[in-house]
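Peer 1: Got a structure for you, written out below as structure tokens; questions coming shortly.
The values are calculated or read from the model by the stated rules, or taken from the named source; none is laboratory data. Since we're looking at a predicted model, the values are computed, not measured. So basically every Cβ, Gly included, is an ideal-geometry build from the backbone, and we count neighbours across all protein chains shown.
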Amino acid sequence: MFDKVKFSLLKAFNIVFKISTKKKGLSSLKLSNEFELRQKTCWEFKWKIQQGMASSLQYPLTGAVHVDKFMIGGPEEQKRGRSKGDKKLIVVALEISNAGVGRAYA
């Protein structure tokens, strides 16, 4: 997915995070404006991300699978616990094999 990316890896990881956490999707035009990249570059990278996310359906986790959820984001003023705001919910599933951790999906 990150092969031959012509922009910084920090931007690439930010784009992956934004696309994977938005419920209703994110247009390539909005990504282009936010990350100051060409719209076609954002469209192609978004397509790569979607292909990578779709391929995970072909390889389901087997055996012992550990699932955990957690929030990313620091403490917020006048917000308690896991309330909404700038925090993001992340769910991780790990496949446990004899050699340790097999595959992981977030």
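Peer 1: Can you pull out every residue in the stretch 9-54 that is part of a loop (DSSP other than H, G, I, E, B) and modelled with pLDDT of 90 or more? Working first, answer last.
Peer 2: Of all residues in the stretch 9-54, those part of a loop (DSSP other than H, G, I, E, B) come to 22-27, 36-38.
Residues satisfying the conditions are Ser27, Glu36, Leu37, Arg38.
Peer 1: Between Gln50, Gln58, which is more than 23 Å from Lys87 (Cα to Cα), surrounded by fewer than 10 Cβ atoms within 10 Å (Cβ to Cβ) and among the polar types (S, T, N, Q)?
Peer 2: Values: Gln50 fails: surrounded by fewer than 10 Cβ atoms within 10 Å (Cβ to Cβ).
The unique qualifying residue is Gln58.
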